[in-house]
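A quick write-up on the structure given underneath.
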Amino acid sequence: MNPNLMDLATSSPANLGPVPVTTSSPGIFSNNPYFSAGFGLLGVGAALAVLRQGARHAAALTKKQLLVTLEIPSRDKSYQWILAWISKQQQPQAHLGKINDIASSEGGAGGIRRRWNRFLEKKIRSATMPRHLAVQTDFKQHENGNLTADYSFVSGPGKHLFKYKNCWVQVDRVRETKMLDLVNGAPWETITLTTLNRDRTIFKSILEESQRAAIEQQDGKTVIYNSVGPEWRPFGPPRKKRNINSVVLDQNIAQDLMRDVREFINNSKWYDERGIPYRRGYLLYGPPGTGKTSFIQALAGELGYNICILNLSERGHTDDRLNHLLTIAPERSITLLEDIDAAFPVNRQSEEPGQFSRSQITFSGLLNALDGVSSAEERLVFMTTNHIERLDKALIRPGRVDYKVYLGNASKHQIIEMYIKFYPNDKNLAPIFAEKIGGRSVSPAQLQGHFVINKHSAQAAIDDVESIFST
Ligand SMILES: Nc1ncnc2c1ncn2[C@@H]1O[C@H](COP(=O)(O)OP(=O)(O)OP(=O)(O)O)[C@@H](O)[C@H]1O
Ligand SMILES: [Mg+2]
């Protein structure tokens, strides 16, 4: 023991006595038991601090050498896929079988070993069980179009652990409390995956597998995207594809349109070789309820494309944003601008922002965005209107609109076709029904409504035909 410390420890308050202090002599500190003890303690403290810092540095260095992390911000497309996928990996039962096997197989090897296994088992159990869950609601669409909600649990904010391909992966989901995503007002989040450096290749497989799982979930469905600020976000659950044959258009309209679209999407090289921007614009016009929206939806389903709905009147849209949105539309998607006349009636098709002042888009901004000089990617734009006569010629000139098609009220051919689709067992009554309509204007939407009311009787649909015109 340090003799100075011994002195301090053995000296009682009674025998301390007054201590002479002489500033002229530096040797006084070394001779003074209090100062010596103080310096001794300081020295130990400093040494410990240095050691602690050294240990921290060593730990950080080891961590850097041994561990590898992958950060996925909530703005990244893969964020939701990964979140859903990780939650599946963390099903509490997933590892229990194996753990129990270990515990029982090594059970006879002695008390200490058994206790160690039990301890390990408990640790793994508690570490792999996601303690903080968040609910995620999915919707399921049934044959009859009804939606039901399906709840699943995803990993909530916090640290979680799971095993993938025999490698342990730590998930750290962090939600910023102070930072909001400016685009959608949601809290900013990041997921950080950490694993051993030697297992770094599993990150790629995790990304690929989670993407595959997400795509499988969308298979056979059409995803509808809406613009949220400057980006596209899926809107609601993926929709069941609409069968193209369920939309009855006059004569060859549907086939011709389909052929044109297919021709376009299969000929990127042709456009490329000629330096022509690879885009095509379509305009479907005609009275309400004639199948414009339905056909585009069915067409997307037929091609395996998704739909990006762009509302020109939306608050906050500007010319730049419109241009940006059109440029970054997800791959294999149709950009749909509905009721194009409403945003820019003919008397407002000037430099001023659109009719609804919430949007800052100018007419020339729209024209430029449709031209999309900056885009070399495939761009398929569909527009609809009830009033083609209200559209400025510049908007529908070739290059912006390359294919116009009129969808009118139901022709005799459509009336018969629709009747047969609703009453396949009473085909022979179809001409009688068409006869009773007798050339009056009726939209396919009106016909559909009438057939839905009379769904149980083909004859009632004929007898009650006048009700179509009385409302
Ligand atoms: N040609 C058609 N064949 C079968 N069903 C149709 C047809 N046209 C319309 N319908 C039915 O009518 C309803 C409305 O159709 P849709 O929304 O496609 O009309 P629209 O032309 O887009 O009308 P709007 O101009 O008002 O937007 C849908 O439920 C659709 O099933
Ligand atoms: Mg429509």
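The residue that is nearest to ligand 2 (Cβ to nearest atom), counting only those in the range 247-259 that are under 27 Å from P277 (Cβ atoms) and under 31 Å from the mean Cα position of the chain (by Cα), is L257.
Residue under question is S227, and the condition is that it be modelled with pLDDT of 85 or more and crowded, with 16+ Cβ neighbours inside 10 Å; does it hold?
Working: modelled with pLDDT of 85 or more: yes; crowded, with 16+ Cβ neighbours inside 10 Å: yes.
Against the criterion (modelled with pLDDT of 85 or more and crowded, with 16+ Cβ neighbours inside 10 Å), S227 qualifies.
Suppose the filter is away from ligand 1 (no atom under 16 Å from the Cβ) and among the aromatic types (F, W, Y); does Y419 pass it? Spelling it out, it is not the case that Y419 is away from ligand 1 (no atom under 16 Å from the Cβ) and among the aromatic types (F, W, Y).
Does S268 fit the bill of being farther than 28 Å from G229 by Cα and either of a type in the set (A, V, I, L, M) or away from ligand 1 (no atom under 13 Å from the Cβ) (or both)?
Working: farther than 28 Å from G229 by Cα: yes; either of a type in the set (A, V, I, L, M) or away from ligand 1 (no atom under 13 Å from the Cβ) (or both): yes.
Yes: the conditions hold for S268.
Of all the numbered requirements in (1) within 16 Å of ligand 1 (Cβ to nearest atom); (2) buried (at least 21 other Cβ atoms within 10 Å of the Cβ); (3) on the phi < 0 side of the Ramachandran plot, G291 misses one, and that requirement is (3).
Of all residues in the range 275-288, those being within 11 Å of T384 (Cβ to Cβ) and within 12 Å of ligand 1 (Cβ to nearest atom) number 4. Condition test on K427, is it within 16 Å of ligand 1 (Cβ to nearest atom), farther than 30 Å from L337 by Cα and among the charged types (D, E, K, R)? In short, no.
With respect to R239, determine if the residue is within 16 Å of ligand 1 (Cβ to nearest atom) and not small (G, A, S). Walk me through how you get there before you give the answer.
Numbers: within 16 Å of ligand 1 (Cβ to nearest atom): yes; not small (G, A, S): yes.
Yes.
Picking from K292, K269, which residue would you name as being at pLDDT 90 or above, within 16 Å of ligand 2 (Cβ to nearest atom), more than 26 Å from the chain's Cα centre (by Cα) and of a type outside the set (D, E)? I'd like the intermediate steps shown before the answer.
Working: K269 fails: within 16 Å of ligand 2 (Cβ to nearest atom).
Being at pLDDT 90 or above, within 16 Å of ligand 2 (Cβ to nearest atom), more than 26 Å from the chain's Cα centre (by Cα) and of a type outside the set (D, E) holds for just one of K292, K269, which is K292.
The values are calculated or read from the model by the stated rules, or taken from the named source; none is laboratory data. Keep in mind that this is a model prediction, so the values were computed, not measured. Backbone-built Cβ (ideal geometry, glycine too); neighbour counts: all protein chains shown.
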